[in-house]
1. Are there any trypsin sites (Lys or Arg not before Pro) in segment 55-150 that are in a DSSP loop and have at most 10 other Cβ atoms within 10 Å? List them by number.
2. Using +1 on the beta carbon of Lys and Arg, -1 on that of Asp and Glu, and nothing else charged, what's the dipole of segment 3-184 about the Cα centre, debye to 20?
3. Contour minus end-to-end for S196 and E173, with contour as 0.36 nm per residue of separation and end-to-end as the Cα-Cα distance?
4. Students often forget the sequence filter, so: which lysines lie under 30 Å Cα-Cα from K151 once same-chain residues fewer than 8 apart are removed?
5. How much accessible area per residue does the chain have, counting only protein heavy atoms and a probe of 1.4 Å, in square angstrom?
6. Longest segment of the chain with no GluC sites (Glu not before Pro) in a DSSP loop having at most 15 other Cβ atoms within 10 Å?
7. Search the structure for amide H atoms under 5 Å from the amide H of V111, placed 1.01 Å from N in the peptide plane, and list their residues when 5 or more places away or on another chain.
8. Take the alpha carbon atoms of segment 59-91, find their center, do the same for segment 14-38, and report the distance between the two centers in whole angstrom.
Amino acid sequence: MFNLILFGPPGSGKGTQSGKLVEKYGFVHLSTGNLLREEIANRTPLGLEAKNFLDKGQLVPDEVVIGMIDSCLEHHRQVPGFLFDGFPRTAPQAQALDKLLSLRKTEILLVLALDVTEEELIKRLLNRGKTSGRSDDTNEAVIHQRFTVYKNETAPIAEHYKKLKRFQLVKGEGTVDEIFDSLCQAIDKRMRSLAS
Ligand code: AMP
């Protein structure tokens with residue numbers, strides 16, 4: 001199984017690129033943001049609890065998202081691999097993911113981090129907010145809150161994957177296809193190195 005994390009701040013293009021990667025490689029896409037928005041749309045108890053966090057640009061408690069990932073892993077036993085998008089976002093989530101994968105005799109083989117300037121991120125998010133229907137994309141204060149959370153809680157977990165030599169920065173600016181090509185090159189290289 002080839003398990004990959006697409007890493008990067010809000011607005012760096014993780015969702016867009018995930019769609020293309022899933023189509024090309026057949027990965028199962030696990031986006032905690034999408035899963036949470038689905039719960040909210042279905043007005044489940046979990047969704048009602050999560051909504052307050054999403055609206056404020058804060059993280060949903062670790063145990064909630066870890067539980068969601070655990071049940072998704074359980075539902076997809078025989079797959080080419082998982083593409084994690086927006087997860088893990090905290091150190092406890094990264095530890096839990098390692099554990100959940102090792103219980104299933106697998107691991108994260110590559111972390112690709114999309115590198116985009118903050119100025120470009122804000123432009124993209126406000127633009128996306130015009131059509132996405134996501135309230136957390138229209139309010140500039142909430143966008144800034146999400147960046148702060150990213151810097152304090154999420155960015156530091158890159159160190160864990162750097163130590164394992166599984167972390168790679170990819171230029172996240174340019175056309176969608178250019179960025180996709182860079183991601184594919186990194187994935188193909190890693191797949192080749194595992195095969196040899
Ligand atoms: P995203 O679609 O990945 O930008 O996520 C949107 C919002 O969902 C975030 O601002 C958080 O409130 C929540 N969320 C998504 N993934 C996680 C996660 N791994 N841990 C905690 N909260 C999350």
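1. Sites meeting the loop and neighbour criteria: R77, K105.
2. 240 debye
3. The S196-E173 span can extend by a further 5.1 nm.
4. K14, K20, K51, K56, K99, K123, K130, K162, K163, K165, K171, K189
5. I get 53 Å² per residue for this part.
6. 1-106
7. Here the answer is I5, F167, Q168, since their amide H atoms fall under 5 Å of that of V111.
8. Cα centres, segment 59-91 to segment 14-38: 12 Å.
The values are calculated or read from the model by the stated rules, or taken from the named source; none is laboratory data. Because the structure is a prediction, the values reported are computed rather than measured. Reconstructed Cβ throughout: ideal geometry from the backbone, glycine too, with neighbour counts over all protein chains shown. Ligands, DNA and RNA are excluded from the accessible area calculation, which covers all protein heavy atoms including side chains. Shrake-Rupley method; radii C 1.70, N 1.55, O 1.52, S 1.80 Å.
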